[in-house]
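Working notes, structure below.
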Amino acid sequence: MTDRPVLEATDLDKRFGDLHAVRGVSFHIDPGETYGLLGPNGAGKTTTIAMVGGLLERDGGQVLIEGEPMTVRTLDPRRKIGLVPQDLAIYPDLTARENLTFFARLYEISGQQLKDRVAKVLEVIGLTDRADDRAGEFSGGMKRRLNIGIGLLHQPRLLILDEPTVGVDPQSRNAILESVEALSSDGIAVLYTTHYMEEAERLATRVGIIDQGEIKAEGTRRQLVQMVGERDRISITANGPLESAVTDLRGMSGVEEAGASDGQITLLVRDASELLAKALETVTNTGASVSSVAVEEPDLEAAFLHLTGKALRD
Amino acid sequence: MRIAWIIARKDLALRSRDRSVFVIAFVAPLALAFIFNLVFGGGGNDIGQSVQFDYGIVDRDDGPVSQAFTEVLEAIEADGLIAVQPFDIEPDARAAVEDGTIDSLFILPSDLSANITTGLPANIEVVGNVDTPTSAGVAASIAERFASGLAAATDAALTAVETGVIGPDEIASAAAEAGAQPPVAALVGIDAGIRLLDSATFFVAGLSIFFMFFVAGLGVTSMLEERRDGTMTRLIAAPIRRSSIIGGKALSSVLIGLVAMVTLVVASTLLMGANWGDPAGVLLLIFAAVLAVVALMSFVGGLAKTTEQSGNLQGIVAVTLGMLGGTFVPIGDPTSFLGQLRFLTPNAWFLRGLADLGGGNIVDTLPAVGVLLLIALGFGVAAVSVARKVVSA
Ligand SMILES: Nc1ncnc2c1ncn2[C@@H]1O[C@H](COP(=O)(O)OP(=O)(O)O)[C@@H](O)[C@H]1O
Ligand SMILES: [Mg+2]
């Protein structure tokens, strides 16, 4: 094994008509590293991945997989990538085993090796008992696991997971996160996109914060949090005209950032104890009713808010 | 090719779990053909074996126009397709139709030539028996074709009189002469019709190719399904060429089409006594027809964005071509404009090829096979370029 990156993406660019979906995205992933691409819906994560996987023609930039250029036409580098699409990509009318067998054949796995790999993956995703049941009958979590398993069949050097926990119950979600951790400790490089800050914090060696098609910042959790500086975060859950509350809060001295989404206002302040009472009063004055308040130390979400000016929530 | 086969095999496995394909490909056409055969059949005439219609004629005109018409009938009679028996007394002739001595009757009115000469409307009456609608249909189309040629010729002749090229007394003979020409030329079309009509095989063949249209679109439909369901992303992410994906879809369509058609041939032969003709020729025709229909339907189906749209589009095209191609209505006027339009359809060429094969010589089917292969090539190229857009992230 050499030290060269498993993936090197340079200046990736993609437009859909007038929409500049990905703008000069560059990052690399080293062997054994888990890279988290963290950003809200529509940030350009899936589009970036589609270019990395050679699915989508790009308007600019370069992708190297272990030094080999990847385009929509090259076949060889694809063998090194296991791509797990964001939406379930399985045949519901085939059994789990048939799904795995079919996709394994596309990677030129055959004979005894085919049987072994399918059995191994079934074990890894915990579906050995249900191997011969139709995938359509599976629970959501089982389908997700099968979806991921297909990406593991050919023992890729780089596993790309596009928001694998969206719409999954907490138990399955945890199982998925654990298996990603296990794969990573086996030395496989992982590109993991998510809009859940906690997942990026838990899994990723390095995180790239992506918004509006651009990587705004990149680094380890510690590095990113340091960019934000020593700030406290106040989260206020409330009902009412949160946007106007945010506007008022932004005008307060000592408030560095303010944002709202999903009934929650997030504030970055220098000193929470000093500002808390006044902030709450400001929110209440707009007619909103506050249901809970929390004060936290800086984390990735704070970094995200600082970098993009928005809260990172669904 | 190996990858195309892997994809085709997966699709076939999926389709065999989806019982609708069996219904569409086997059960429905067999059941319908069986019913049609019960309703219209009876004779169970073999395909390609010439059917002879017995016609009567009452000539009350005895002028140049009726003379020309009689000559047309004689020409067809010489080909062994019809037998014509003259009657002097009209009620006797009508009675002969009633009791089935003859299938249909032409009555030429006494003023036929006179009316034509003066540009007045004239009618050739065709009397048919409800029990032999096919025969009456063919008789009517012969008369209609003659009349339409006649009308055109009369117009030309009247113009000629006005400009002084010929005298009024020459009109009838000039018109009749001109009127006599087109039906002879048009006999090719009638010929094909006659050889196939009224047989169990005709209905099974027509319905089989009609239903093949629905089977043939399965490949392109499954391609749209793969895109809808996200599995297309996986296929594109795999180290396989996009042409292998398209190839796999085409292969599965062709295989399902071939299996369906061959099953229908075998089943209709065993169950209904249909006689398709020389197996090698039938196989050749089926192969060409399946390629043509798969190419056509893949192109049509690939124009749509969603599987639903695609299904609707395919249905419309299948039914339109089925009707145009004579699947449901074998008779009518095969020589009219609409009648000739059917040769824009693979359906008609397939049926035509089977009719030609009925002559016993496989070489006779080659024109039909050639046309079908041309359709396959043309639409195949178009379908691939359309499919390339579907096979994308
Ligand atoms: N095929 C496409 N055509 C047009 N716009 C697209 C297409 N795919 C994605 N987009 C747009 O590009 C932007 C980025 O999308 P995407 O990469 O899917 O974001 P993410 O995965 O981060 O949610 C979005 O605004 C999305 O609507
Ligand atoms: Mg996405």
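The values are calculated or read from the model by the stated rules, or taken from the named source; none is laboratory data. These figures come from a predicted structure and were not determined experimentally. Glycine gets a Cβ as well: all are built from the backbone with ideal geometry, and neighbour counts include every protein chain shown. Ligands, DNA and RNA are excluded from the accessible area calculation, which covers all protein heavy atoms including side chains. Shrake-Rupley method; radii C 1.70, N 1.55, O 1.52, S 1.80 Å.
Summary table below
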quantity: Segment A:231-297: relative contact order in percent, alpha carbon pairs under 8 Å with at least 6 residues between; calculated: 49
quantity: Calculated SAXS-style log₁₀ I(q)/I(0) at q = 0.29, 0.30, 0.32 Å⁻¹ - segment A:43-87, Debye, Cα scatterers; calculated: -1.18, -1.23, -1.33
quantity: Taking the C-alpha atoms of segment A:231-297, convex hull volume expressed per residue in Å³; calculated: 68
quantity: Packing-based order for B:381-391, B:287-297, using average beta carbon neighbours within 10 Å, highest first; calculated: B:287-297, B:381-391
quantity: For segment A:34-145: relative contact order, % (alpha-carbon pairs under 8 angstrom, 6 or more apart); calculated: 21
quantity: Interface area, A with B, accessible, probe 1.4 Å, both sides summed, Å² nearest 100; calculated: 2300
quantity: Chain A - charge dipole about Cα centre, Lys and Arg +1 at Cβ, Asp and Glu -1, debye rounded to 20; calculated: 760
quantity: Charge-dipole axis of segment B:216-352 as Lys and Arg at +1 and Asp and Glu at -1 on Cβ define it, positive-most pick from B:Leu270, B:Ala216, B:Met232; calculated: B:Met232
quantity: Longest to shortest principal axis, alpha-carbon extents of segment A:1-96, angstrom; calculated: 42, 41, 27
quantity: Packing-based order for B:67-78, A:124-135, using average beta carbon neighbours within 10 Å, highest first; calculated: B:67-78, A:124-135
quantity: Charge sum, other residues only, whose C-beta stays under 12 Å from A:Asn285's C-beta, Lys/Arg counted +1 and Asp/Glu -1; calculated: -1
quantity: Averaged over A:82-94, number of beta-carbon atoms from partner chains that fall within 10 Å; calculated: 5
quantity: Per-peptide average of other Cβ atoms within 10 Å, ordering B:304-312, A:190-198 highest first; calculated: A:190-198, B:304-312
quantity: Average partner coverage of A:71-77, which counts Cβ from other chains inside 10 Å; calculated: 2
quantity: Proportion of all alpha-carbon pairs of segment A:70-155 beyond 20 Å (%); calculated: 29
quantity: Percentage, to the nearest whole number, of Cα pairs in segment A:162-310 over 18 Å apart; calculated: 61
quantity: Over segment A:7-226, relative contact order from alpha-carbon pairs under 8 Å, at least 6 apart, %; calculated: 31
quantity: Distance from segment B:232-309 to segment A:132-211 (C-alpha centre basis), Å; calculated: 39
quantity: Inter-centroid distance (Cα atoms) of segment A:257-305 relative to segment A:1-65, Å; calculated: 34
quantity: Spread of Cα-to-Cα distances over 10 Å intervals beginning at zero, given as percent, for segment B:202-312; calculated: 14, 40, 26, 15, 4, 0
quantity: Descending principal axes extents, segment A:202-271, alpha-carbon based, whole Å; calculated: 38, 26, 22
quantity: Kirkwood hydrodynamic radius of segment A:14-62, from inverse mean 1/r over distinct Cα pairs, in Å; calculated: 11.8
quantity: Around A:Leu122: net Lys/Arg minus Asp/Glu count, Cβ-Cβ under 12 Å; calculated: 0
quantity: Other protein chain Cβ atoms within 10 Å, averaged over every residue that makes up A:101-107; calculated: 6
quantity: Viscosity 0.890 mPa s, 25 °C: Kirkwood-radius Stokes-Einstein D of segment A:39-190 over Cα pairs, µm²/s; calculated: 153
quantity: Cα lying deepest toward the dipole's positive end in segment A:7-226, options A:Val25, A:Thr101, A:Met51, charges on Cβ; calculated: A:Thr101
quantity: Normalised per residue, the volume of the convex hull around the Cα set of chain A (Å³); calculated: 148
